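This report refers to the structure that appears directly beneath it.
Taken together, the values in this text are just the output of simple stated rules run on the coordinates, not laboratory data. The shown structure was predicted, so the numbers you read here are calculated from the model rather than taken from an experiment. Don't worry about glycine lacking a Cβ; one is built from the backbone with ideal geometry, like all the others, and counts go over all protein chains shown.
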Amino acid sequence: MALSLPGERSHVAATPANPFAAFARWIAKAQAARTRRVALEALLELDHSRLSDLGISRDDIGQALVRKDSRPELVLNAARARSARA
């Protein structure tokens, strides 16, 4: 029998099979996604000069909104870095 170290176990194998906990995690992820979406939509309401002060554009916000993973801030951080270099 081969022994595996704790760091070698997959995340699924280390997670207990508790349906309530899985449902609670799903609810938390959905709430976090909604909060991010509402924040990005609020940014769309700002005028062009305020967005340029932040170093982002409406196109950057649109790209962050359509991003499928839970990290839309990466798009905005990259846009701010580009505008800071310019």
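Summary table below
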| quantity | calculated |
| --- | --- |
| Distance between modelled label sites at Lys29 and Lys68, nm, 7 Å Cα→Cβ extension | 1.4 |
| Projected area averaged over orientations for the range 30-86, convex hull of C-alpha atoms, nm² | 3.6 |
| Sequence-separation-based contact order of the range 30-86, relative, with Cα cut under 8 Å and 6+ spacing, percent | 32 |
